[in-house]
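Below is one structure, written out as structure tokens; the observations come after it.
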Amino acid sequence: MTEAVARHAPGTPSWLSLLAHDPAASREFYHELFGWEYRQGPGPGSADPHFRALLDGNEVACIGQMPRGRQCLPAWLPYLSADDADKAAELVRLCGGTVGVGPLDMEGTMRVAIAADPAGASFGIRQTDTRPGARMGGGPGTVVWNELITHRASAVEKFYQTVFGLEAEPAGGHPGADGAGGADAEPERLTLTAHGRIVGGVHGVGDGLPHDRGSHWLMYVEVADTDAAARRVTELGGRVLLPPHDTPYGRTARVADREGAPFAVIHTGRRGS
């Protein structure tokens, strides 16, 4: 009997992937940091295999090979759920975004695309009724928050509302409320909701947007000890971009892996399910 798969509301992050120039080294980095194990599988839009990251037998993310000749910086991409990937991709184009890959079928269970919003932040589109999403919010080693770091939050609010039906409202403290925008920034913070459920956020950092990366989505991964995780990142060849500090949602640090892909670690104090 096929196990029923809970449908994610449109706009809900349901998968994460990283394309790395040296995926074997990246797999080792995240294995040492989070304890991820791997299972090989095909990747979207590429002949190169991807490796699904597993934690306690549950899929949490995917790491694959950056296409040969592409010189873009590696980055973690959230895949936002859609009832119809083709319609979502068309809306991306109509709303000033771009579609770089797809939509295309993957493994016979999903239809996916890789796109970017008008500010240049890349993300995935994922349509499926049969394959579970990544395990999120399940304790150390799992993603607990996804946030768009961009110049002005208000400039992309309408885009995500039109493409995915996400509602946005001003937010106070959340995992990304770390004051990282800089003294000259005018930060804006929005909470994104799908059918009343909080699914992510947008942080407009003004002049604090990294010049070498631009707008991007940032994942927050739960850890047992933020300070220890930040130290381990540097031991494994990564960098600490924003040192550990306390927020209303927990102690967090912004870091980057060996190839420069940014992400954040956070200790929320929540127990895994």
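The values are calculated or read from the model by the stated rules, or taken from the named source; none is laboratory data. All values reported here derive from a predicted model rather than from experimental measurement. Glycine also receives a Cβ, built like all others from the backbone with ideal geometry; neighbour counts cover every protein chain displayed. To get the accessible areas, we keep the full protein, side chains included, count just its heavy atoms, and leave off ligands, DNA and RNA. Shrake-Rupley method; radii C 1.70, N 1.55, O 1.52, S 1.80 Å.
Loop-located trypsin sites (Lys or Arg not before Pro) in the range 59-98 (DSSP state other than H, G, I, E, B) with a sparse environment of at most 15 neighbouring Cβ atoms within 10 Å: ARG68, ARG70. Looking at the chain as a GNM with Cα springs under 10 Å, which of ARG213, ARG232, ARG39 has the largest mean-square fluctuation? Maximum fluctuation in the GNM of the chain, among the listed residues, is at ARG39. By definition, a body whose alpha carbon gyration tensor gives a ≥ b ≥ c is rounded when a/c is under 1.5, and the range 1-158 falls into this rounded group. Considering only LEU166, PRO78, GLY120, the residue lying farthest towards the positive end of the dipole of the chain is PRO78, judged by Cα position with unit charges set on Cβ. Choose one answer from ALA24, ALA113, ALA89: the residue with the largest mean-square fluctuation in a GNM of the chain with alpha-carbon springs under 10 Å. In this elastic network of the chain, the residue with the biggest mean-square fluctuation among ALA24, ALA113, ALA89 is ALA24. The range 72-118 and the range 127-165 have their alpha-carbon centroids 13 Å apart. Exposure check, 1.4 Å probe, all protein chains in place: CYS72 carries approximately 60 Å² of accessible surface.
Among GLN65, GLN40, GLN127, the largest mean-square fluctuation in a Gaussian network model of the chain, built with springs joining Cα atoms closer than 10 Å, belongs to GLN40.
Would you please classify the overall shape of the range 86-162 from the alpha carbon gyration tensor, given that a ≥ b ≥ c denote the square roots of the eigenvalues, rounded means a/c under 1.5, and beyond that prolate means a/b larger than b/c while oblate covers the rest? Oblate shape, in that a/c is at least 1.5 and b/c is the bigger or equal ratio. Taking a ≥ b ≥ c as the square roots of the eigenvalues of the alpha carbon gyration tensor, the range 196-273 is oblate, as a/c is not under 1.5 and a/b does not beat b/c.
Given +1 at the Cβ of Lys and Arg, -1 at the Cβ of Asp and Glu and no other charges, the dipole of the range 48-169 around its Cα centre is 380 debye to the nearest 20. Note on the range 45-116: Kirkwood radius taken over Cα pairs, Stokes-Einstein applied at 20 °C and 1.002 mPa s, translational D equal to 154 µm² s⁻¹. The ellipsoid equivalent to the alpha-carbon distribution of the chain has semi-axes of 25, 23, 19 angstrom, derived from the gyration tensor eigenvalues as √(5λ) and listed largest first. Over the chain, dividing the summed -39,500 (n - 2.57) contributions of all DSSP H runs of at least 4 residues by the number of residues returns a 222 nm mean residue ellipticity of -5000 deg cm²/dmol.
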